[in-house]
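The values are calculated or read from the model by the stated rules, or taken from the named source; none is laboratory data. From a predicted model like this one, the values you see are computed outputs, not experimental measurements. In this analysis, Cβ positions are derived from the backbone assuming ideal geometry, glycine residues included, and neighbour counts consider all displayed protein chains.
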Amino acid sequence: MTEEALFRKLEAEEKNDEFIAVESQTFLQAAWKNFKSNKRALVGGIVLIVIVLLAIFGPMVAPYSYDEQNMALRNASPSADHWFGTDKMGRDIFVRILYGARISLLVGLVAAVVNLIIGTLYGGIAGYAGGKVDMVMMRIVDIIYSIPSMLYIVLIMLMFGASVGSIVLGISISCWIDMARIVRQEVKSLKEQEFTMAAFVLGASSKRILVKHLLLNAMGQIIVTVTLMVPQAIFTEAWLSFLGVGISAPQASWGTLAQDARSLIQVYPMQTVYPMLAICITIFAFNFVGEGLEKALDPKRKR
């Protein structure tokens with residue numbers, strides 16, 4: 001066989017036969033691409049953005065105040081001036097729902113931040129330390145978890161009064177437990193990986209290994225858990241307010257609005273439907289976003 005037969009010059013169209021074009025992406029770019037491909041998660045994110053913007057700017061541009069009364073227009077039907085009508089005190093229901101969104105979202109977001117900070121640090125330290133430290137820390141978690149969370153909330157509200165701060169404090173006492181357990185399990189799994197051992201051999205401190213290597217690699221699960229914590233806190237606050245032990249007047253959360261309209265549910269049922277619908281839409285939106293983040297941030301669940 002001649003040399004020309006063994007070695008020949010490739011044609012231009014043959015040079016790239018084995019070339020596979022792969023777009024170079026960072027982790028966040030790949031996560032955002034996967035998140036956008038999830039239609040439910042994308043719709044949920046858009047809905048949440050709209051709700052947040054309405055909560056922030058709606059009461060500022062509304063022609064009525066959330067506590068402005070007009071006894072001549074009590075229980076008025078929806079109209080061009082009052083989109084959702086008025087309540088038994090003549091207050092605009094639409095404006096009060098926008099104002100209530102501020103309180104409900106504030107409770108959910110603050111509880112989520114507390115959940116993130118305390119749960120991540122506590123679970124990370126317990127999982128990384130292991131041994132007796134882990135055992136003692138998790139027994140403390142079991143003791144806190146054994147007491148119903150509603151008991152914490154009711155006792156704190158009896159001590160400090162019915163306010164946003166009391167509800168946030170009551171929810172925050174035990175809301176971080178699930179986060180701590182999840183982070184502990186993730187850290188215990190990750191600390192046995194090769195990159196953790198390599199960082200230890202290279203002289204990295206325990207703090208750096210925990211923060212830069214373990215918690216950072218567990219951030220996907222942490223973000224998902226925080227996202228799902230927000231609707232849970234919103235529902236807890238709404239349920240307490242609906243029972244009459246939540247936010248006190250003149251402040252109005254979505255649960256308070258539903259509780260105020262409960263006495264008129266047979267005559268004016270829509271006054272109860274509006275705030276309950278706002279709660280349901282917000283909770284569904286957060287759940288859709290959480291589901292989308294879970295799939296986008298977890299490489300094992302990518303197709």
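Take the conditions touching a Lys or Arg at 6+ places or on another chain (Cβ under 6 Å) and surrounded by 14 or more Cβ atoms within 10 Å (Cβ to Cβ) and apply them to residue 252. Does it pass? It is true that residue 252 is touching a Lys or Arg at 6+ places or on another chain (Cβ under 6 Å) and surrounded by 14 or more Cβ atoms within 10 Å (Cβ to Cβ).
Name the single residue that is farthest from the chain's Cα centre (by Cα) among those in region 85-111 being assigned to a helix (DSSP H, G or I) and basic (Lys, Arg).
Here is the first cut: in region 85-111, the ones assigned to a helix (DSSP H, G or I) are 93-111.
Then drop every residue that is not basic (Lys, Arg), which leaves 96, 102.
Details: 96: 23, 102: 15 Å.
Taking the candidates together, the pick is 96.
With the structure loaded, tell me whether residue 188 is under 21 Å from the mean Cα position of the chain (by Cα), more than 21 Å from residue 114 (Cα to Cα) and among the charged types (D, E, K, R) or whether it fails that test. Considered against the rule, which asks whether it is under 21 Å from the mean Cα position of the chain (by Cα), more than 21 Å from residue 114 (Cα to Cα) and among the charged types (D, E, K, R), residue 188 comes out as no. The single condition among (1) in a helix (DSSP H, G or I); (2) without any contact (Cβ under 8 Å) to a residue 40 or more places away in the chain that residue 128 does not satisfy is (2).
Checking the condition assigned to a helix (DSSP H, G or I) and either of a type in the set (Lys, Arg) or closer than 28 Å to residue 169 by Cβ (or both), which residue from 199, 252, 233 passes? Give the derivation first.
Details: 199 fails: either of a type in the set (Lys, Arg) or closer than 28 Å to residue 169 by Cβ (or both); 252 fails: assigned to a helix (DSSP H, G or I).
Being assigned to a helix (DSSP H, G or I) and either of a type in the set (Lys, Arg) or closer than 28 Å to residue 169 by Cβ (or both) holds for just one of 199, 252, 233, which is 233.
Among (1) modelled with pLDDT under 85; (2) exposed (fewer than 14 other Cβ atoms within 10 Å of the Cβ); (3) of a type outside the set (Val, Ile, Thr); (4) under 29 Å from residue 286 (Cα atoms), where does residue 23 come up short? Going through (1) modelled with pLDDT under 85; (2) exposed (fewer than 14 other Cβ atoms within 10 Å of the Cβ); (3) of a type outside the set (Val, Ile, Thr); (4) under 29 Å from residue 286 (Cα atoms) one by one, residue 23 breaks only (4).
Results for (1) in contact (Cβ under 8 Å) with a residue 40 or more places away in the chain; (2) in contact with a Pro (Cβ under 8 Å, 6 or more places away or on another chain), shown as yes or no for each residue.
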| residue | (1), (2) |
| --- | --- |
| 174 | no, no |
| 188 | yes, no |
| 192 | no, no |
| 220 | yes, no |
| 225 | yes, no |
| 240 | yes, no |
| 247 | yes, no |
| 257 | yes, yes |
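Against the test of being among the charged types (D, E, K, R) and free of Cβ contacts under 8 Å to residues at least 12 places away in the same chain, the options 134, 142 yield a single qualifying residue, 142. Here is the figure for region 62-77: residues that are within 20 Å of residue 272 (Cβ to Cβ) and touching a residue at least 24 places away in the same chain (Cβ under 8 Å) total 3. Among the residues of region 181-195, those identified as assigned to a helix (DSSP H, G or I) and either among the acidic types (Asp, Glu) or in contact with a Ser or Thr (Cβ under 8 Å, 6 or more places away or on another chain) (or both) are 182, 183, 186, 190, 194.
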